[in-house]
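To start, the structure under review is shown below, and the notes come after it.
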Amino acid sequence: MAQKRPRSRSRPDNVSVRYDDNGSARTVVADYCVCTIPFPVFTRLKTNLPAAYMTAAANTPAQAAGKVGWQAERFWETEAQIYGGISWTTDTIDQIWYPSSGYLSAKGTLTGGYMRGASAIAFNKKSVGERLAIAREQGERLHPGYAKYVEHGVAIGWENMEHQLGGWVNEEDPNFGANSKILAAPQGRFHMAGDQLTFVSGWQEGAVLAAHHAVTGIDRHARPR
């Protein structure tokens, strides 16, 4: 049975959102809706929002991103005296991030690769096993002995995740500012939020700024005086 896509309707006195709950269609009616659905997913929904609004969302491109994570013995501390921070490389993995907590404990979680853009798209097309093999081999170039320390790897490509379809919006796109201005404007009782509206996309600061903007808009609508 095909899954029903969520449907949103904004009206003068309320907002309704229809969604699928294990095959059963359900509807929530509320005074306001604050939507943080990523734009690549949001543009697939059926709404009664203005065409220009949905077009702005569709024209706000999402940045591809990939990441590799490991459980590992904390060799970066015991052997290299690295306590938190990032190593940058010229390889596909681009970056290795070291945890900023749990210093000198037996094991920790190590980010073994973090890339974006075209390199992430190419990397994320590979199988998980292939991605882990690349990250292990390239990590070895930076830290001799790396391969024997890392284990239980995971690899994520955000543009391949069903409810995400991208890492973050590309605020460097020349049309981002104009589209963001449209999307940040309240549509009756419907408000968009999330870091994707801001020039600090991909960061918690952007999410907080957008949330504050949405809440302010609701307050001004509810208490116009």
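Residues that are among the small types (Gly, Ala, Ser), within 30 Å of residue 149 (Cβ to Cβ) and free of Cβ contacts under 8 Å to residues at least 40 places away in the same chain: does the stretch 66-85 have at least one? I'd like the intermediate steps shown before the answer.
Applying the first criterion (among the small types (Gly, Ala, Ser)) to the stretch 66-85 yields 66, 69, 72, 80, 84-85.
The next check asks that each one be within 30 Å of residue 149 (Cβ to Cβ); those that pass are 66, 69, 72, 80, 84-85.
With free of Cβ contacts under 8 Å to residues at least 40 places away in the same chain added as a condition, the list becomes 84-85.
So far as the stretch 66-85 goes, yes, one or more of its residues are among the small types (Gly, Ala, Ser), within 30 Å of residue 149 (Cβ to Cβ) and free of Cβ contacts under 8 Å to residues at least 40 places away in the same chain.
Among the residues of the stretch 79-93, are any outside any helix (DSSP H, G or I) and of a type in the set (Asp, Glu)? Give the derivation first.
Going through the stretch 79-93, the residues outside any helix (DSSP H, G or I) turn out to be 79-93.
Checking the rest, the ones that are also of a type in the set (Asp, Glu) come to 79, 91.
Scanning the stretch 79-93 turns up at least one residue that is outside any helix (DSSP H, G or I) and of a type in the set (Asp, Glu).
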* Structure fact -> Scanning the stretch 174-225 for residues that are touching a helix residue (DSSP H, G or I) at 6+ places or on another chain (Cβ under 7 Å), more than 21 Å from residue 51 (Cα to Cα) and aliphatic (A, V, I, L, M) gives 200, 207, 210
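Can you go through 130, 171, 140 and tell me which one is acidic (Asp, Glu) and under 25 Å from residue 208 (Cα atoms)? Break it down into steps so the answer makes sense when it comes.
On the way: 130 fails: under 25 Å from residue 208 (Cα atoms); 140 fails: under 25 Å from residue 208 (Cα atoms).
Answer to the selection: 171.
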* To do: Give 62, 72, 56 a once-over and let me know the one that is modelled with pLDDT under 95, crowded, with 17+ Cβ neighbours inside 10 Å and in contact with a helix residue (DSSP H, G or I) (Cβ under 8 Å, 6 or more places away or on another chain).
  => 62
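Kindly establish whether residue 142 is at pLDDT 95 or above, farther than 30 Å from residue 39 by Cα and not charged (D, E, K, R). Write out each step before concluding.
Values: at pLDDT 95 or above: yes; farther than 30 Å from residue 39 by Cα: yes; not charged (D, E, K, R): yes.
Yes, satisfied.
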* At least 3 residues that are in the same structural domain as residue 49 (by TED's automatic domain parsing) and surrounded by 14 or more Cβ atoms within 10 Å (Cβ to Cβ) in each: list the helices (runs of 4 or more DSSP H) lying fully within the stretch 116-225 that qualify. => 176-184, 204-222
* To do: Would you tally the residues in the stretch 31-53 being farther than 24 Å from residue 177 by Cβ, modelled with pLDDT of 95 or more and in a strand (DSSP E or B)?
  => 1
* To do: Please state which of the following conditions residue 100 fails to meet, knowing it meets all the rest: (1) hydroxyl-bearing (Ser, Thr, Tyr); (2) exposed (fewer than 13 other Cβ atoms within 10 Å of the Cβ); (3) in contact (Cβ under 8 Å) with a residue 24 or more places away in the chain.
  => (3)
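The values are calculated or read from the model by the stated rules, or taken from the named source; none is laboratory data. Please read all numbers here as calculations on a predicted model, not as lab measurements. Neighbour counts run over all protein chains shown; Cβ positions are idealised from the backbone, glycine included.
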